[in-house]
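Every read-out reported here was derived from the displayed coordinates using simple, explicitly stated rules and does not represent laboratory data. The structure displayed is predicted, hence computed values, not measured ones. Methodologically, a virtual Cβ is constructed for each residue, glycine included, from the backbone with ideal geometry; neighbour enumeration extends over all protein chains shown.
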Amino acid sequence: MDDRDRRKGFYIQTFGCQMNEQDSLRMADRLSREGYSHVADLRRARLVLVNTCSIREKAQQKAYSFLGRLETLKRRRPDTIVACVGCVAQQEGPRLRERFPFVDLVVGPSHVGGIAELLEEFGRTRTPRVEVSQETGAGSLDCEGVSRQGSVTAYVTIMEGCNNFCSYCVVPYVRGRERSRPYESIRREVGNLVRRGVKEVCLLGQNVNSYRCSETPQRDFPGLLEGLGSVEGLQRVRFTTSHPKDLSQSLIDCYGKLDVLCEHIHLPLQSGSDRVLSAMNRGYTLEHYLKKVDDLRKAVPEIGLSTDIIVGFPGEDERDFESTLEALEVIEFDTVFSFAYSARPGTRAALLEERISENEKRERLRYLQECEARIAARKNARMIGTCAEVLVEGTSRDGRHLMGRTRTNKIVNFEGPAGLLGRLCSVEIVKACKNSLLGRLAAGQA
Ligand code: SAM
Ligand code: SF4
């Protein structure tokens with residue numbers, strides 16, 4: 001690469017959740033259209049974007065340590081532009097430039113769509129800028145459709161922000177209040193993606209159940225799903241995340257009604273103790289949650305269920321922790337994402353005094369993950385001998401098999417020709433592994 005190429009080379013480092021991955025894809029897409037090109041080697045970049053996450057302290061520390069490493073790069077090549085984007089940028093604002101004075105742009109998540117304009121302005125003025133004003137409109141969510149190169153699955157952001165203020169969570173502060181994207185804009189994006197070969201979309205938002213756009217108030221979340229059901233060529237729709245308190249019967253009814261809707265739901269429980277759930281401000285009890293699971297399983301007995309659990313919330317005692325373990329035994333989730341509680345600045349829980357030691361949190365997390373591995377293995381073993389519809393997404397990690405997902409969101413690896421990429425196949429499950437299933441292509445599929 002010569003110096004002329006380097007002028008427009010950009011490198012993106014992303015930390016955190018799927019929402020951030022999606023924001024990074026959107027920025028990359030926008031920059032490519034402005035004549036920038038992605039470089040895989042950080043040292044060759046003219047522009048370095050660091051997309052940060054502040055959901056837990058660890059994620060924030062990882063971003064800081066990456067930013068710290070950029071100081072040397074910037075000293076060696078002062079014309080390199082460094083932009084810190086995302087939730088840490090939003091949370092820290094001007095303080096971020098006090099800590100890392102070489103950062104040129106500090107950009108909050110609601111300004112991701114305007115990254116090209118901010119860079120253009122910086123190119124003209126060479127004046128560092130902190131853009132962290134909170135947008136209230138949903139216009140910044142507009143997108144023509146972005147997905148990883150050649151991917152048959154894609155994420156589509158349908159809403160941004162959150163109004164729930166769970167006492168541990170920084171999202172409402174860094175991503176602002178809830179705003180939903182207009183239905184037509186979502187449908188257009190999904191249509192574009194399908195024309196480019198995408199077969200499955202996952203609708204993304206902090207609380208998709210409360211999707212409601214002011215321009216089309218009659219189209220709530222079930223209405224949006226119904227509308228997308230008629231996009232020609234779209235084979236599967238998923239969504240994440242749902243809040244248990246807002247999971248309506250009309251959404252549950254969609255599972256039986258819409259062929260395109262995959263039988264899976266991510267429904268964060270967070271804790272099995274009512275005392276802790278109340279301190280977390282989650283707005284439901286365990287009984288209420290169990291009833292929702294019951295309703296879901298009545299509608300679709302084989303529905304795939306995943307969840308998030310936090311261990312070591314301030315004041316969580318042994319009995320509370322036991323209640324969480326019991327809930328996992330009773331519910332039998334397919335997948336559990338578990339986290340040690342991390343105090344976040346500005347949240348109500350950060351003011352609580354009954355802190356659990358880091359050691360204890362680590363111990364509870366380890367124990368919970370062991371229990372969950374046993375439960376998931378037991379559940380996966382029941383699938384041996386059954387047949388499942390699998391959408392082939394690519395190859396397995398070791399490159400030896402094709403990899404796809406069942407409608408219930410289980411990863412299945414199996415042998416088959418590369419030509420099956422993007423196709424729906426019927427696969428017989430022959431073995432249950434730790435985080436995936438091993439399958440065999442049903443006769444007549446190759
Ligand atoms: N909106 C979703 C919901 O209601 O569950 C999830 C948003 S958050 C990005 C993903 C998960 O991170 C949460 O479900 C929670 O389990 C975890 N999380 C959020 N704040 C946390 C904190 N302060 N410490 C540990 N885990 C946290
Ligand atoms: Fe955070 Fe709660 Fe909103 Fe999820 S629902 S983003 S956990 S405040």
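Exposure proxy for Cys84, Cys53, Cys254: other Cβ atoms within 10 Å of each Cβ, ordered fewest to most, give Cys254, Cys53, Cys84. Look at the Cα gyration tensor of segment 1-86: its axes a ≥ b ≥ c give a/c of at least 1.5 with a/b at or below b/c, and that counts as oblate. Going from the residue with the fewest nearby Cβ atoms within 10 Å to the one with the most, Tyr289, Tyr11 rank Tyr11, Tyr289. Just how far, in whole angstrom, is segment 200-222 from segment 304-365 if you go by their alpha carbon centroids? Each part's Cα centre sits 29 Å from the other's.
The relative contact order of the chain, computed from alpha carbon pairs under 8 Å that lie at least 6 residues apart in sequence, is 9 percent. Is the shape of segment 254-347 rounded, prolate or oblate, going by the alpha carbon gyration tensor and its root eigenvalues a ≥ b ≥ c, with a/c under 1.5 for rounded and a/b larger than b/c for prolate? It is prolate, given that a/c is not under 1.5 and a/b is the larger ratio.
Residue pairs exceeding 19 angstrom between C-alpha atoms, taken from Lys199/Lys410; Lys291/Lys361; Lys379/Lys434; Lys379/Lys431; Lys8/Lys74: Lys291/Lys361.
One compactness figure for the chain is 1.01, namely its Cα radius of gyration divided by 2.2 N^0.38 Å. By the count of other C-beta atoms within 10 Å, a proxy for reagent exposure, Asp29, Asp294, Asp104, Asp259 are ordered fewest to most as Asp259, Asp294, Asp29, Asp104. Of all DSSP-defined beta bridges confined to the chain, some 35% are antiparallel rather than parallel. Net charge dipole, the chain: roughly 1380 debye, given to the nearest 20, about the Cα centre with Cβ charges of +1 for Lys and Arg and -1 for Asp and Glu. Taking the DSSP beta bridges with both ends in segment 94-239, the antiparallel portion is around 20 percent. Note on the chain: helix-only mean residue ellipticity at 222 nm, from DSSP H runs of 4+ residues weighted -39500 (n - 2.57) and normalised by residue number, equals -10500 deg cm²/dmol. The order of the peptides 88-98, 415-425 by mean Cβ neighbours within 10 Å, most packed first, is 88-98, 415-425.
Projecting the Cα atoms of Cys262, Val50, Pro244 onto the charge dipole of the chain, computed from C-beta unit charges around the Cα centre, puts Val50 farthest toward the positive end.
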